[in-house]
Amino acid sequence: PSIEPQATPIDFSQYLSRESKERKRSQLKELRPYFVIPGMISFGVGIPHPSTWPVNGMTLSVPFAGKSVFVPGFGSQSPSDMYPLAEYQDPAKGDALRPDLGEELQYSSTYGTPHLLSWIKEHIQRVHNPQYDDWVNLCTAGNTDGVDGVLRACFDRGDYMLVEEFAYPGTLSPATTMGIRCLGVPMDTDGVDPKALDDMMMNWDEAEKGGPRPKMIVIVPTCSNPAGVTTPVQRKREIYSACRKWNLLICEDDPYCFLQIRPNGADSPIVPSFLSMDTDGRVIRIDSFSKIVAPGSRLGFITGHKTLVEKIMNTRESATQCPSGFSIAAITAILRAWGSHEGFERNYIPYISDIYAKRCLSAIRFLKEHVPAETIEIPAPAGGMFLWVRFKIESHPSFPAEDPETISKQIFHSMIEQKVLMCPSEYFKAPSTTQWTKEEEAKRIFVRLSFSLPPQEEMEEGIKRMGRALAKEWRLSA
Ligand code: PMP
Ligand code: PLP
């Protein structure tokens, strides 16, 4: 007998986990309605321009037998025509990075496939040269996946975790969903302030906070999202010392590492990483191919102490078993095309960082030319994708009568009226224990201007519109 449709629809809320019910999603999605306004120039989203992809096509060899094209309306050929023509055969061995589908399309160790892991190990040794022996790598499906693994391996509900004062929502939101209590550490134009970090730990009152001190800080050390900061090496040493003092792990989420400005190309060394100064095994470094190949690579790698990395590996083992073998095959083909590590470091990386350096410098030039100096503070260029532009709220005509966040919203809407979109700093503000005065709050209002997508002319027109909106807000005569 057939089953009659049920009279009342299922109430699915009864099946949902606490995690689903309490899931926080990035606030940036609130900007979506503005993106689609016709004529809007958007500096809202930080994604690479497709012109930066280092591939312009992919060929897959699918050796069907005979007339195997399916013609709609004419049916398919006989089933035997769909059988592979020939069995898969391994390519000639010997070239360490040659895609070897026998290996790459097979189940593999969750750490990754041997060819790719050997490239990663040599890369880490050459670029970061860790100062202790027991480090290993784990392949991931990109930095989102890597950070997820770290959080699942290290945190319980209710634990505290430190983040930057203005933090990447793609980490803040999932951490909050997992019940992790995030706290922002005050930062300046060099990144996290080690003195403020030390003070927070020193004054930690377990009873008042309802829990012990945090065990980790998550930092985006290069061209950070959103603050566009590259933390200099001296500052990194001070942060590292403070973390050792308070026994904090450092999660170094570094997808923009190779987008930093290199004034003399390959001859300017990159800023040393936290991993490069780590003698204790307290740094978990997370790298990604998203910004140097393409976000669709969904491939990255973690470097850290073998004991911790094993636990992170275990969280992936029963989830994604990542990464995808097709992705590994494609990326290894690209690595092979780049040639040696030296070719990658001296030719490809400076080429890609130059694209972002030029965009960053153009955006700064347009800000200087088209936006009244009374209204904004021009940030220093770091490369990457973001400029963190501070509004001089302290000189806005509505301050101090109105509070700074209200003025910020008003400015946002004036910019939308002029059809230009940027992300307000409130979307990135981590929970904080610091008490800010109204005057201090006035100096914490920024917009994140992402310069990675718009072409040059559009960038200039967008920044002109920003200038018009701000002149109107500050009631400046033209
Ligand atoms: N979506 C995903 C999944 C990303 O990882 C990124 C890059 N961080 C973006 C979108 C664009 O970044 P944002 O949301 O910070 O503009
Ligand atoms: N972490 C930060 C700080 C980011 O800005 C982004 C996005 O660009 C990611 C992680 C996500 O990177 P992936 O594409 O490797 O998951």
Potential extension, GLN125-SER2 segment - 0.36 nm per residue separation minus Cα distance: 37.8 nm
Dimensions (Å) - the range 101-338, Cα atoms, principal axes, largest first: 57, 45, 32
Approximate spin-label separation ARG244-ASN203, in nm, with each point projected 7 Å along Cα-to-Cβ: 2.6 nm
Longest segment of the chain lacking trypsin sites (Lys or Arg not before Pro) that sit in a DSSP loop with at most 11 other Cβ atoms within 10 Å: 158-474
Cα centroid separation, the range 407-446 to the range 334-394 (Å): 22 Å
Pairwise FRET efficiency - GLU30 versus SER477, Cβ, R0 = 35 Å, nearest 0.05: 0.55
Net charge, THR144 excluded, C-beta distance under 10 Å - Lys, Arg +1, Asp, Glu -1: -2
Kirkwood Rh in Å, taken over the chain so that all alpha-carbon pairs contribute: 24.8 Å
The range 101-338: relative contact order in percent, alpha carbon pairs under 8 Å with at least 6 residues between: 28 percent
Along principal axes, Cα extents of the range 282-412, largest first, whole Å: 57, 36, 27
Built amide H within the under 5 Å cut-off of CYS251, gap 5+: ILE217, VAL218, ILE219, ILE284
Placed amide H near GLY184: partners under 5 Å, 5+ positions off or other chain: VAL163, SER432, THR433
Between the range 235-269 and the range 143-212, the alpha-carbon center distance in angstrom: 18 Å
√(5λ) per eigenvalue of the Cα gyration tensor, the range 358-478, largest first, Å: 23, 18, 12
Amide H contacts of THR140 (H built 1.01 Å from N, under 5 Å, at least 5 apart or other chain): GLY300, PHE301, ILE302
Percent RCO, i.e. relative contact order, over the range 189-316, from Cα pairs under 8 Å lying at least 6 residues apart: 21 percent
Estimated vicinal HN-Hα couplings, Hz - the range 300-309 in sequence order (Karplus 6.51, -1.76, 1.60; Gly, Pro = x): x, 7, 9, 10, x, 5, 4, 5, 5, 5
Mean separation of Cα contacts under 8 Å (6+ apart) over length of the chain, as relative contact order %: 21 percent
Hz values of 3J(HN,Hα) by residue in the range 52-57 - Karplus curve (6.51, -1.76, 1.60), Gly and Pro given as x: 8, 4, x, 10, 10, x
DSSP-defined beta bridges in the range 101-338 - what % are antiparallel, rounded to 5: 45 percent
3J(HN,Hα) from dihedral phi, the range 404-418, Karplus parametrisation 6.51/-1.76/1.60, rounded to Hz, x for glycine, proline: x, 5, 5, 5, 4, 5, 4, 5, 4, 5, 5, 5, 4, 4, 7
0 to 90° range, to nearest 10: angle between helix 456-473 axis and the chain longest Cα axis: 30 degrees
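FYI, it's all coordinate maths here, none of it is from the lab. Predicted, not measured: the structure shown is a model, and the values here were computed from it. Quick reminder, even Gly has a Cβ in these numbers, built from the backbone with ideal geometry, and neighbours come from all protein chains shown.
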